[in-house]
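Take a look at the structure below.
The values are calculated or read from the model by the stated rules, or taken from the named source; none is laboratory data. As the structure is a prediction and not an experimental result, all values here were calculated from the model. Cβ placement follows ideal geometry from the backbone for every residue including glycine, while neighbour counts extend to all protein chains displayed. These area figures cover heavy atoms from the full protein model, side chains too; ligands, DNA and RNA do not enter into them. Shrake-Rupley method; radii C 1.70, N 1.55, O 1.52, S 1.80 Å.
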Amino acid sequence: GKRYSGDIDIEFYYDNDGGYADISYGGSSGNGCANWMWWCTPIPPTAPTVETVNLANINGVVSTDGKINVKGNVNGSVTLHSEDEVEIIGDIVYKTSPLTDSTSTDLLGIVSEGNVIVDRYAHSSTGSQDLTIHASIVAMNSSFTVENYSSGGTKGTLNILGGIIQQNRGPVGTFSGSTVVSGYTKNYQYDNRLKASIPPTFPRESVFSIVYWKDEVTKITE
């Protein structure tokens, strides 16, 4: 796999040759001074390094001891692992949806040792109020949740195809009765392929204690 130190940004995409990810790391905003004498020599910004990775050549895993920001179109099977947290900053969609083609081999695992957070502006990355996430998600400490879920009004529908494993159930919106007040309404569907296969090196059931299980079947619109 690929191992990084520090925060990384990942954008998945594909072309006629297969699935790829642009992984950005390093760089700085350039704030502050290089010295603190009576003059200030500004620290110039530095551009991040961008590495293009062929998903077929990395043994299925991208890991870092920092935070991961992620979005894009996934063509292949890969697991993201963060020792910090994972922030979803836009739609994450399989090239071939298993809802329309049961032979799809596109599969994404997201494993965070902290939280998995949907960025407050993620829904606007494509100009839509809705957000779609195709992935099997693990938030080990502690939740899958939406940033600022209780403010800013309604965002649309959160469409998830995959699964969510979390220590504590995280909120994605607020409601008054059955009416959404802020954040997202839910449209979740389990990816049945996960019964027989998992993303690369994905945590197995024996690692966890099952304290609650609920099957929720909803109609998902791609």
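Restricting GLY6, GLY90 to those that are open to solvent by less than 60 Å² (accessible area, probe 1.4 Å) and part of a loop (DSSP other than H, G, I, E, B) reduces the list to GLY6.
Checked against the criteria, SER112 counts as in contact with a Leu (Cβ under 9 Å, 6 or more places away or on another chain), of a type in the set (Gly, Ala, Ser), closer than 26 Å to ASN148 by Cα and open to solvent by less than 20 Å² (accessible area, probe 1.4 Å). Please indicate, with yes or no, whether at least one residue in the range 127-134 is part of a strand (DSSP E or B), at pLDDT 95 or above, buried (at least 18 other Cβ atoms within 10 Å of the Cβ) and under 10 Å from the mean Cα position of the chain (by Cα). Taking every residue of the range 127-134 in turn, at least one turns out to be part of a strand (DSSP E or B), at pLDDT 95 or above, buried (at least 18 other Cβ atoms within 10 Å of the Cβ) and under 10 Å from the mean Cα position of the chain (by Cα). Here THR96 qualifies as without any contact (Cβ under 8 Å) to a residue 24 or more places away in the chain, farther than 19 Å from ASN69 by Cα, in a loop (DSSP other than H, G, I, E, B) and open to solvent by less than 70 Å² (accessible area, probe 1.4 Å).
When each of ASN59, ASN35 is tested for being assigned to a loop (DSSP other than H, G, I, E, B), open to solvent by 70 Å² or more (accessible area, probe 1.4 Å) and over 17 Å from ILE133 (Cα atoms), the lone residue that passes is ASN59. Against the conditions (1) open to solvent by 60 Å² or more (accessible area, probe 1.4 Å); (2) over 21 Å from PHE12 (Cβ atoms); (3) not β-branched (Val, Ile, Thr), LYS155 satisfies every one except (1).
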